[in-house]
Each structure stands twice: as structure tokens, then as C-alpha cells.
Amino acid sequence: MINLVIFDVAPINFVVPILLFVLLPVAAVICIIIAIVIIRKRNKKKNKALTCGEPQENKEAKQPKKGK
Amino acid sequence: MRKELFLPALLHFFVDFFSVYALFAFHLRSELGAILILSYDALAFLPQPLFGALFEKSKHMASLGSLGCLLVIIGALIPEAITAIVFFGIGNAIFHVCEGKLVLDKSEKSAPLGIFISFGSIGLALALSFSNLYLFLSLLFVFIILAILNCFVPYTKAIPFVYQAKEGHSSTLVLALILIVAGVFLRGFFGQYTAYTWPKNDLSSLNILWVGLAIFFGKVIGGFLLDYFGSIPLIVLSALLSLLGYFFPSSLALSLVGVAGVNLLMALTMEFMRRAMPSFTAFGFGLLAAFLLLGYAAGFALISYAVFQSWLDPILMVLNAASLIFVYVILKKDGRQQTALLGLHPKEGKA
């Protein structure tokens, strides 16, 4: 991270405060929300695959073995 | 520590060095410079949770880390500031998340975590202190070689960090995670807010290099201290040392000890995070990075646009230590605390 104190930022300029107070937190919130949505979707998919796979496994286990 | 885990640390040095060196070659000044640097920081830090979530389950983490390096290399060769910043930012974010996850998942101890994060500060400090075309080109050559090598290093041989959640327990401890993130935010905040009276904004002086070295030293030693003495002694030591910067702001030497003290906690934070959220280390790493920037930006905003409140500094430092101690308690309750080599009860609570 580059330290901003090396720049002589005058408080009269409004672009830097807007970046600091509005854009930065909003961008962070958006990124984190999208990341959480991705993780939750992946978990849902994984859980679905697990629950769908279970009966089939049981079915296979219950099937009598052929050829013996 | 296994030798292959030094490669991500070396790459971290190069990624930070080239991003900053090439950015400052554009001779950024005043407001425009601040806006561009802030944009770079935002691109490099804020998308990290997003990239973390996207790449979490990837089996090609090292190759993705090298892709991040490639973007930084391309950025270093682009002669136009805004395009270069986009490449640096995205490259940085991908590199940090992927290599960070690699180190978090492949290192059993905490020392490699400290080593990995420490090399970036040296790269940054060197980039701000020196300017030499031959240095730039020779380091670029080494960087390219190491980035290619990174794709072929067998990281699978390293001893992995494995944590299995107890039956019926969620693998993610949300409260612990919130407290860790709050601690990181506070650290970013007071790191910026401490009113040193020696000239830290003077690029022509060697102070910036000294600060970089202090950060490097704090991060490296923090991982080793954590392995040997455990979490609580490290948190107390860091809190005591970081107060030095507040009480002796005019002394460069004591302030540097304070800076190192603040940075002692970096490895601990990563260690806590991987224990609180072992299934999503890439996302967790990104979350820490994003909140470090937010805390840093908040500290900078307050120092620039509000009346300076010096009493706030020690309070925030103590709050940071308290939040981490509370995280330790939560992790211990769940049997996830780290076992120190020189701890009082070495056999207790092995994860």
C-alpha cells in the first residue's frame, strides 16, 4: 500500500474526499457482497450434489450383487 | 520452513517493487498523484475478497499467482499511467490472493506467513527510495524467471495446514472473523494516524527505507515469535511496542520500534483468520487486505480533513489488542488455538 502522506493533498479538492469517503467503502461493500454470494452459491451447489448423491449411493448399496 | 515457500515471498517483493517503482516513474504529483495512487490501492486491495471467492477452489493456484505477476510485468512496461495502474492493481490483487492462499494452506507453522507478507514492504520501500534503470531491468529479468518457475514448483510437497471442524460445528467462526477484521481496520487506521514528528513524507531522505525495514522486521519476527511464544505474549508485546510511537513521536529510533511492534501482529492475524475460516482462506486473506486499506484510508481521511485527536491513538491500539485477545478466547473455546513451541501447556488444544 502506498502512503498518501507523500502527496500534498489540499482539502479544497473534492475528488480525493469523494474517493476516500464514498467510492472506496462502496466498492469494498460491493466486492464483499459479490464474494459472499459466490461462496453461498457454491456451498448450495455442493450441498445439493451431496443430498442428491445420497439416495443413489444407498440404492447401489441395497442392490444385490450379481454373479455370486 | 520448506524452501519452496520462499518463492511466493520473493515474488511478493518483486510484485510490490515493480508496481510502485513504475508508478512513481510517471512523476505523479499533488492531487492527481493522490487520486491515481488511491485508485491503484483500491484496485489492488478491494477486489481481493472477490478474487478470493472466485479462485478458492482452483487447483492451479500457483499458475494464477504467476498470472498476477504477468499482469504486473505488462503494467511495468506500459508507458501510460492509467492503463498501467489497471494492470498493476488487478495483477496485485490476483497475486496476493493466490499466493497468500498457497502459503496459508501449505504452511503448518506461522513463520512462513510472516515471511510472505514481509517481503512486500521491502519491495515497496526500495521502490520509493531508489531510482536506477539498470536495477529496474535486471530485477525485471529475475522477476520473469521466478514467475515462470512458480508455475512448476511442487507446492504439494509442503506440510499443509489442516483443520477439521468438530462434528456439528460450522467451520467458520463469524464473530471471530468480524473481530479479526475490526483489528485489521484499527491497525490500518492508527498506523496512519500516529503523529510522528520526523519527516516521513520526505522521499529524498532514507526515512522511508527505515520505515520499510521496520515493517519488514516486525512482520518477519512476528511469525517466529508466534510459533515460539504463542498468541497472548505476542499481542501484549505488540501493544506495548506500538505505544512507543505515540509517546515518543519525535524519536525516529523509538518510532521505528513502534512501527515494528504494530507489524508484529500481521502473521498472527493471518493465523487467526485461517483458524476461524479454514475452508475459505483465499476469501479471508482478501477480506483482511480490503479492511487494511479501508482502515488506512479512514486514518488518512481523518488526519487530512478533521482536527487531529491525539488521544484517539492509544485507545485504538488497546482496542486492537483487546479484539485479538477476544478472538484467541473464541478460538480456544472451539479448540482451534495455536500451540506454541515454548507454551506453558504444549499438548493442550492441538488443532
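Quick notes
- Test: residue in region B:51-58 that is buried (at least 23 other Cβ atoms within 10 Å of the Cβ) and either away from every other protein chain (no Cβ under 14 Å) or of a type outside the set (A, V, I, L, M, F, W, C) (or both): yes
- Residues (in a helix (DSSP H, G or I), more than 7 Å from every other protein chain (Cβ to nearest Cβ) and among the small types (Gly, Ala, Ser)) located in region B:17-50: B:SER19, B:ALA22, B:SER39, B:ALA44
- Any chance B:GLY245 is small (Gly, Ala, Ser) and on the phi > 0 side of the Ramachandran plot: no
- B:GLY68 within 19 Å of the chain's Cα centre (by Cα) and either outside any helix (DSSP H, G or I) or more than 14 Å from every other protein chain (Cβ to nearest Cβ) (or both): yes
- B:LYS109, sole failed condition from (1) in a helix (DSSP H, G or I); (2) of a type outside the set (Val, Ile, Thr); (3) away from chain A (no Cβ under 14 Å): (1)
- Candidate set: region B:15-50, residues that are buried (at least 18 other Cβ atoms within 10 Å of the Cβ) and acidic (Asp, Glu); chosen: the one modelled with the lowest pLDDT: B:ASP41
- Residue match in region B:244-259 (condition: hydroxyl-bearing (Ser, Thr, Tyr), away from chain A (no Cβ under 14 Å) and in contact with an Asp or Glu (Cβ under 9 Å, 6 or more places away or on another chain)): yes
- Residue that is assigned to a helix (DSSP H, G or I), away from chain A (no Cβ under 11 Å) and out of contact with any Phe, Trp or Tyr (no Cβ under 8 Å at 6 or more places or on another chain), where the choices are B:PHE14, B:PHE87: B:PHE87
- Boolean, A:LEU24 is at pLDDT 80 or above and either at the interface with chain B (Cβ under 8 Å from one of its Cβ atoms) or more than 30 Å from B:PHE45 (Cβ to Cβ) (or both): yes
The values are calculated or read from the model by the stated rules, or taken from the named source; none is laboratory data. Bear in mind the structure is a predicted one, so any value in this text is a computation, not a measurement. We place every Cβ from the backbone using ideal geometry, glycine too, and count neighbours over all the protein chains shown.
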